[in-house]
Amino acid sequence: MPSPSFVQRITIKHPAYSGSNTILALPACDGTNASGQAHYATVYSACVILANNRKDGWLSSSRSGQPRTCADHDGLISAGVYFFHIECEPNAEPYPVIPNFRAWVFPHNDLPSLWHESAQIAATIEPRTATETCRLTNKRLACENAHIIPAAEKSWFVNNERISTASLVDVPRLSAAKSCIRLLQPKLEYEDASAIAKGALALLPTLSTRALSQRDRQSVIARFSGLAADACALRLQCGNGDPTAVDKALELLEAGTGSLIGLALEDRHDVTNLRTSWPQHASRLGDLRAMLNVEAGSTGDSAPRASQQISPFKTLQDFHACVDEIRTLPGFGYFMMSPSIEEMKAAAVDGVVVVVNVGTLRSDALVVTPQAVRLIKLRHFDVDKARSWMAEIKGWSSESPSLEQSRRQNARYRVLILWLWKSCVRDIMEGLGYRKHQSGKTLPRVWWIGTGVASSLPFHAAGRHCDSSTSTTSNVVISSYVPTIRALVHARGRAMDVSSYTGYEHKILLATMETTPGEPPLHGVRAEADAVKSAVGIECRVTHQEQTNAGAVLRLLPSNDMFHFAGHGMSDPVDPAESCIVFEKSDGASMPMIQDRLQVDRLFGANLQAAFLAFLSACSTAQNQQDVLADESIHLASGFLAAGFRHVIGCLWPSSDEVCVDVAREFYRALNMTEGKGVKDKALARALHVAVGKVYAIRRDHPFLWAQYIHMGA
């Protein structure tokens with residue numbers, strides 16, 4: 001490296017000003033070239049910071065901005081003078097420059113790509129051995145992350161909350177809690193483990209905050225997967241003689257699962273009464289919600305000037321303070337709180353909610369009825385066997401299997417659902433007193449919720465499926481699913497009885513994709529569309545969008561209370577929030593069509609006030625493949641539920657074109673929409689039960705043809 005007095009430099013200037021307007025100078029000593037070179041991404045990241053986190057800029061050696069400077073094959077640029085340009089409107093004011101470090105607001109949810117890459121590289125570095133000591137403290141035991149900052153910049157660090165208080169304190173505390181629970185359980189020290197688990201759960205909401213983006217929330221929650229299930233099991237294990245133990249265990253489970261969808265549901269919390277009684281508080285709450293949602297989802301394309309920026313954590317503090325103040329108002333003491341036991345029991349009217357909590361310590365079914373919360377011990381359930389089953393199914397190819405593969409997988413699936421009946425569902429049905437269905441009687445309803453590996457188990461399809469058998473779930477109850485009881489309370493709270501409205505007109509948005517860029521054609525889509533139109537009759541207004549784009553669908557959803565999609569769906573195995581139904585769009589008149597994906601995270605941001613039913617006739621729309629997010633139930637079906645739909649029909653895996661047409665036809669026929677009356681909420685799950693039953697009657701020994709359909713919601 002040359003001596004300091006001869007180091008070449010990269011000089012960055014502002015294109016809007018002449019004269020000596022250098023805003024940044026960096027040494028160009030990264031390459032081997034004697035004339036001096038610097039790492040392009042580092043220079044660019046520094047310019048982004050100086051321009052107030054604007055990532056839409058580029059470097060050029062010309063004040064005009066052309067040509068743009070690109071890195072060479074080693075990622076380097078030569079020493080010299082460059083201008084940092086930003087996209088802006090003609091005659092717009094020059095972009096502002098951060099005057100000093102203290103004026104910079106840290107981009108919590110929109111980090112430069114170079115920083116993400118550095119974090120990924122750091123994650124691959126082998127950790128030091130336990131025999132080595134910390135270079136600063138000379139200690140071997142590490143219990144929290146260290147962040148070295150200049151003492152002079154401590155105030156900036158606190159004001160920006162670069163790492164939130166939760167991240168600085170609660171992450172290591174939660175990690176330590178999980179370790180303690182694992183150590184205490186084998187020693188049978190359940191009381192201590194239960195107390196630690198309860199305390200740890202109380203910290204979870206401080207991690208999955210509104211100030212974080214959806215991706216960041218997922219990342220944090222994934223680190224503590226299974227904590228709520230452990231807390232529930234430990235509370236039950238310690239509950240001998242405590243008549244409230246089951247209630248407390250259920251409250252712990254609800255507090256620690258479905259955190260992500262819970263935040264989305266909070267955004268849709270009905271504030272009508274608040275707006276009527278306390279309009280200023282309602283307005284303030286709405287403004288803070290909007291600010292948090294913009295900050296968490298900001299792309300940085302239109303960042304305000306530094307003086308206008310506020311730390312997202314400061315906004316979050318204001319939001320919580322506003323909610324706390326609302327709870328002091330008469331009649332709003334439980335505003336935006338998790339449902340109480342009484343509210344959970346009220347949500348189980350017309351049926352029961354069965355929460356299947358499984359783990360290595362114990363497995364149980366917590367049964368919620370309008371009268372009480374009961375416990376059914378699942379003494380025959382083997383959680384390791386369940387994990388083995390789910391791993392096997394996940395390993396089956398997502399591509400269309402050969403005929404022989406299909407037969408083999410179908411045979412294995414029959415073994416799975418028989419095992420599920422014998423080890424779990426049969427005990428629950430007997431505990432509820434549900435026996436063989438008596439002809440002429442109405443089947444009772446059950447809402448299923450599973451934790452951990454149980455969140456992927458097909459409880460609705462369990463049983464021995466042969467001609468003479470009645471030992472099946474579908475023979476005893478009508479099944480529905482919900483991510484959490486809170487989600488059920490929300491869906492049922494939005495219910496509107498329109499069944500008595502003579503002449504009520506449902507409005508259906510029918511979106512079909514017979515061909516999709518990059519995917520095989522679906523030859524049954526047109527027949528399915530015709531079947532839907534015929535089944536709903538002329539009393540229902542149908543808006544049919546063929547070969548459309550996601551934006552058009554999102555614009556039309558608010559003016560329709562039903563949505564039927566027939567096309568391709570995808571379940572993302574790494575990031576469930578990227579799971580999508582696929583439309584098409586064009587980048588230009590002469591360009592070929594490309595995929596246009598409507599993803600789960602976009603649905604979490606929607607708020608559809610009059611949404612009633614979403615029927616997703618597509619592959620894997622109710623499937624979550626990410627084990628560490630099993631308790632979050634993030635998939636397309638839950639996304640539509642969070643967006644405001646009270647009912648969602650989804651699929652656990654792909655289906656045949658013929659079956660899709662038949663199920664859709666029989667489902668809408670069972671709703672009796674041609675009578676010109678609105679559909680009752682309780683009719684939806686029953687209609688799917690009837691529709692699938694028609695396929696089941698013919699092919700009951702082929703569960704891959706009928707067991708993929710589930711109802712989710714009210």
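The values are calculated or read from the model by the stated rules, or taken from the named source; none is laboratory data. Bear in mind the structure is a predicted one, so any value in this text is a computation, not a measurement. All Cβ positions, glycine included, derive from the backbone under ideal geometry; neighbour counts span all protein chains shown. Heavy atoms of the whole protein, side chains included, go into the accessibility calculation; ligands, DNA and RNA do not. Shrake-Rupley method; radii C 1.70, N 1.55, O 1.52, S 1.80 Å.
Some values worked out for this structure:
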{"quantity": "Contacts under 6 angstrom Cβ, first residue in region 415-440 being farther than 17 Å from K377 by Cβ, partner at pLDDT below 90 and open to solvent by 40 Å² or more (accessible area, probe 1.4 Å), 6 or more apart", "calculated": "L418/R464; K436/T470; H437/N475"}
{"quantity": "Members of region 655-708 found to be crowded, with 18+ Cβ neighbours inside 10 Å, under 31 Å from the mean Cα position of the chain (by Cα) and of a type in the set (S, T, Y), listed by number", "calculated": "S655, Y668"}
{"quantity": "Test set (1) loosely packed, with under 15 Cβ neighbours inside 10 Å; (2) at pLDDT below 85; (3) touching a Ser or Thr at 6+ places or on another chain (Cβ under 9 Å) - T502 fails condition number", "calculated": "(3)"}
{"quantity": "Unmet criterion (only one of (1) in a loop (DSSP other than H, G, I, E, B); (2) under 30 Å from R217 (Cβ atoms); (3) touching a strand residue (DSSP E or B) at 6+ places or on another chain (Cβ under 8 Å)) for V105", "calculated": "(3)"}
{"quantity": "Residue in region 528-550 that is surrounded by the fewest Cβ atoms within 10 Å (Cβ to Cβ), counting only those that are in a helix (DSSP H, G or I) and small (G, A, S)", "calculated": "S534"}
{"quantity": "In region 340-368, the residues that are in contact with a strand residue (DSSP E or B) (Cβ under 9 Å, 6 or more places away or on another chain), surrounded by 15 or more Cβ atoms within 10 Å (Cβ to Cβ) and of a type outside the set (A, V, I, L, M, F, W, C)", "calculated": "K345, G351, N357, R362, S363, D364"}
{"quantity": "Residue among A16, A25, A34 that is more than 41 Å from the chain's Cα centre (by Cα), in a strand (DSSP E or B) and of a type in the set (G, A, S)", "calculated": "A25"}
{"quantity": "First in region 539-553 and closer than 17 Å to M513 by Cβ and touching a residue at least 40 places away in the same chain (Cβ under 8 Å), second anywhere and surrounded by 14 or more Cβ atoms within 10 Å (Cβ to Cβ) and not hydrophobic (A, V, I, L, M, F, W, C), Cβ under 6 Å, 6 or more apart", "calculated": "N549/K585; N549/D596; A550/D596"}
{"quantity": "Residue match in region 571-589 (condition: part of a loop (DSSP other than H, G, I, E, B), in contact (Cβ under 8 Å) with a residue 40 or more places away in the chain, over 23 Å from E528 (Cα atoms) and among the acidic types (D, E))", "calculated": "yes"}
